[in-house]
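The values are calculated or read from the model by the stated rules, or taken from the named source; none is laboratory data. It should be emphasised that the depicted structure is a prediction, and the values quoted were computed from it without experimental measurement. Here the Cβ is made from the backbone with ideal geometry for all residues, glycine too, and neighbour counts use every protein chain on show. When the accessible area is computed, the model is the full protein with side chains, heavy atoms only, and any ligands, DNA or RNA have been set aside. Shrake-Rupley method; radii C 1.70, N 1.55, O 1.52, S 1.80 Å.
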Amino acid sequence: MTVIGLDDTDSRERGMCTTYLAARLAEAIERAGATVHRRLLVRLNPAVEHKTRGNAALALHTDFDADRALDLAAAELEPLAETDDPRTSPGVVVADVDPDEVPAPVAAFATRAVRELLGLDEARSLIEAHGYAHRGWAGGRGRIGALAAVGAWAGLNEWTYEHVAYRAFERCGTPRDVDEASVFEAAADHYPTAWDTVDRAEGEAVCVPNAPGPILYGIRGDDAETVRAVADRIESEPIERAATFLTNQGTDGHLREGTVGDLRDGRAYRVDGVVADAPETRRGGHVFFGLRGLDADATVDCVAFEPTKRFRDRVRAVRAGDELTVCGEVSEGTLKVEKFAVRSLDRTAETTPTCGECGRSMESAGRDQGYRCRDCGTSAPGPETVEIDRDLERGWYEVPPCARRHIAKPLVRGSFDAPVHPER
């Protein structure tokens with residue numbers, strides 16, 4: 001068996017897409033008489049500075065001759081990769097190995113690449129130590145992701161599916177012609193097995209990208225038959241080619257357990273804490289609150305950015321004293337919230353006491369002198385504690401589909417440790 005890893009061929013401004021290159025390479029391998037047994041779309045750490053959009057690396061598992069694979073991959077890559085973009089730095093790694101028998105250090109590299117920031121020197125050392133063929137362009141930073149893609153089948157433990165339809169390449173950069181009504185109908189019939197196809201509240205076909213690349217739409221879900229069934233019902237401009245990928249999308253594979261006070265930039269965490277102060281809406285519509293660790297005085301600022309839309313209302317509804325589990329990436333010392341779970345709610349508030357004689361609200365008797373009823377002369381030593389209604393319930397809340405990262409796990413996929421309140 002041969003594993004071919006690819007990464008970093010696209011551009012934020014000029015488009016292209018590494019999944020498109022992988023689909024073309026798979027077709028070239030099949031034209032040469034070999035079989036492509038598996039196509040992997042591997043989402044790596046979303047905090048990587050040099051990522052384009054979803055930070056995807058690709059791998060093909062094939063019986064194609066490993067000695068010829070690098071040249072064939074280069075022949076497909078060189079005419080298409082956006083190497084004029086200074087942020088684009090493609091890389092290819094070819095391993096003559098069964099995907100199930102990838103060496104442990106390579107599998108571990110793949111696991112770490114989803115959660116950490118790794119360097120090219122380490123990647124090259126591993127590539128050369130195991131005798132893999134490789135090539136880089138414009139510095140070849142993409143060999144980091146390409147090696148991670150080689151090790152992903154052995155290093156990652158949860159997989160979903162995405163079926164990607166590609167438009168004719170000459171149409172790239174022009175508006176996409178996709179009938180949104182057909183998308184919403186197909187999404188409704190196959191939800192929740194196919195998820196994040198649309199955002200019903202925002203009226204947005206999430207599966208149709210806005211970037212100038214060759215992807216027409218991508219359907220994500222829990223099994224291959226369902227994502228293809230959704231795609232078959234979408235009415236659109238002509239499709240040049242299509243491919244179904246196994247992927248770690250929708251798995252939360254980027255999250256690690258953390259504690260407030262021990263969080264590092266460039267990583268994503270699941271962390272428990274207590275809301276330290278009331279949420280504050282700042283310029284731009286971003287909502288901030290402080291989270292204090294359960295066993296320490298350390299706090300971290302948490303933020304729900306404006307693009308998370310209605311999720312910000314959930315964040316605004318927390319109050320000091322609530323116990324939460326918060327998930328998200330840390331950047332410049334701030335945790336960018338992707339989802340959170342309410343563990344316990346503070347359902348009490350202090351209010352001006354009521355006179356037991358006349359039922360009127362008392363008034364302050366002066367600093368540190370409690371309260372007094374002006375009419376009856378009754379007094380109270382301090383404010384009264386009362387039960388209040390809350391707009392939140394116990395359980396998990398998430399950003400809507402229009403704001404969800406590829407790798408983040410939608411609540412409808414299940415296996416969460418508390419009730420869920422999914423967004424559609």
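The single condition among (1) open to solvent by 30 Å² or more (accessible area, probe 1.4 Å); (2) more than 29 Å from residue 154 (Cα to Cα); (3) in contact (Cβ under 8 Å) with a residue 24 or more places away in the chain; (4) under 22 Å from the mean Cα position of the chain (by Cα) that residue 214 does not satisfy is (1). Pairing residues of region 116-129 that are over 11 Å from residue 48 (Cβ atoms) and open to solvent by 70 Å² or more (accessible area, probe 1.4 Å) with residues that are at pLDDT 95 or above and not in a helix (DSSP H, G or I), at Cβ distances under 9 Å and at least 6 apart in sequence or on separate chains, gives 124/134; 128/134; 129/103.
On the basis of being under 19 Å from the mean Cα position of the chain (by Cα), assigned to a strand (DSSP E or B), closer than 30 Å to residue 187 by Cα and not aromatic (Phe, Trp, Tyr), does residue 339 make the cut?
Judged against the criteria, residue 339 is a match.
It is to be established whether one or more residues within region 2-21 are at pLDDT 95 or above, of a type in the set (Gly, Ala, Ser) and either closer than 21 Å to residue 153 by Cβ or open to solvent by 10 Å² or more (accessible area, probe 1.4 Å) (or both). Yes, region 2-21 contains at least one residue that is at pLDDT 95 or above, of a type in the set (Gly, Ala, Ser) and either closer than 21 Å to residue 153 by Cβ or open to solvent by 10 Å² or more (accessible area, probe 1.4 Å) (or both). Exactly one residue among 183, 178 is over 25 Å from residue 40 (Cβ atoms), crowded, with 17+ Cβ neighbours inside 10 Å, out of contact with any Cys (no Cβ under 8 Å at 6 or more places or on another chain) and free of Cβ contacts under 8 Å to residues at least 60 places away in the same chain, and that residue is 178. Against the conditions (1) open to solvent by less than 50 Å² (accessible area, probe 1.4 Å); (2) in a loop (DSSP other than H, G, I, E, B); (3) under 18 Å from residue 317 (Cα atoms), residue 263 satisfies every one except (3).
Could you grab me the full set of residues in region 209-233 that are in a loop (DSSP other than H, G, I, E, B) and closer than 18 Å to residue 402 by Cβ? If you could, list the steps in order and put the result at the bottom.
So in region 209-233, the residues in a loop (DSSP other than H, G, I, E, B) come out as 209-214, 222-223, 233.
Listed by number, the residues that qualify are 209, 210, 211.
Would you please name the residue that is most open to solvent (accessible area, probe 1.4 Å), looking only at residues in region 190-208 that are in a loop (DSSP other than H, G, I, E, B) and either without any contact (Cβ under 8 Å) to a residue 12 or more places away in the chain or among the small types (Gly, Ala, Ser) (or both)? In this case the residue turns out to be 201.
The C-beta contact set for region 230-252 (first residue under 15 Å from residue 27 (Cα atoms), second residue in a loop (DSSP other than H, G, I, E, B), distance under 6 angstrom, 6+ apart or interchain) comprises 240/168.
Out of 274, 300, 318, 330, one residue alone is of a type in the set (A, V, I, L, M, F, W, C), under 19 Å from the mean Cα position of the chain (by Cα) and outside any helix (DSSP H, G or I). It is 330.
Only helices (runs of 4 or more DSSP H) whose full extent lies in region 27-145 are considered here, and the ones with at least 1 residues that are among the aromatic types (Phe, Trp, Tyr) and within 19 Å of residue 254 (Cβ to Cβ) are 104-115. One residue alone among 256, 200 is among the charged types (D, E, K, R) and over 30 Å from residue 291 (Cα atoms), and that residue is 200.
All of 335, 345 fail the test of being open to solvent by less than 40 Å² (accessible area, probe 1.4 Å), over 30 Å from residue 266 (Cβ atoms) and out of contact with any helix residue (DSSP H, G or I) (no Cβ under 7 Å at 6 or more places or on another chain), apart from 345.
Per-residue answers, yes or no, for (1) touching a strand residue (DSSP E or B) at 6+ places or on another chain (Cβ under 8 Å); (2) over 19 Å from residue 153 (Cα atoms); (3) surrounded by fewer than 21 Cβ atoms within 10 Å (Cβ to Cβ); (4) modelled with pLDDT of 95 or more:
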residue	(1), (2), (3), (4)
29	yes, yes, no, yes
34	yes, yes, yes, yes
53	no, yes, yes, no
62	yes, no, no, yes
72	no, yes, yes, yes
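Counting only residues that are among the β-branched types (Val, Ile, Thr) and surrounded by 13 or more Cβ atoms within 10 Å (Cβ to Cβ), which one in region 365-424 is nearest to residue 159 (Cα to Cα)?
Only one residue fits best here, namely 407.
Residue under question is residue 349, and the condition is that it be small (Gly, Ala, Ser), without any contact (Cβ under 8 Å) to a residue 40 or more places away in the chain and under 23 Å from residue 321 (Cβ atoms); does it hold? For residue 349, the condition - small (Gly, Ala, Ser), without any contact (Cβ under 8 Å) to a residue 40 or more places away in the chain and under 23 Å from residue 321 (Cβ atoms) - is met.
Looking only at region 234-260, which residues are closer than 26 Å to residue 197 by Cα, hydroxyl-bearing (Ser, Thr, Tyr) and not in a loop (DSSP other than H, G, I, E, B)? Listed by number, the residues that qualify are 236, 244, 247.
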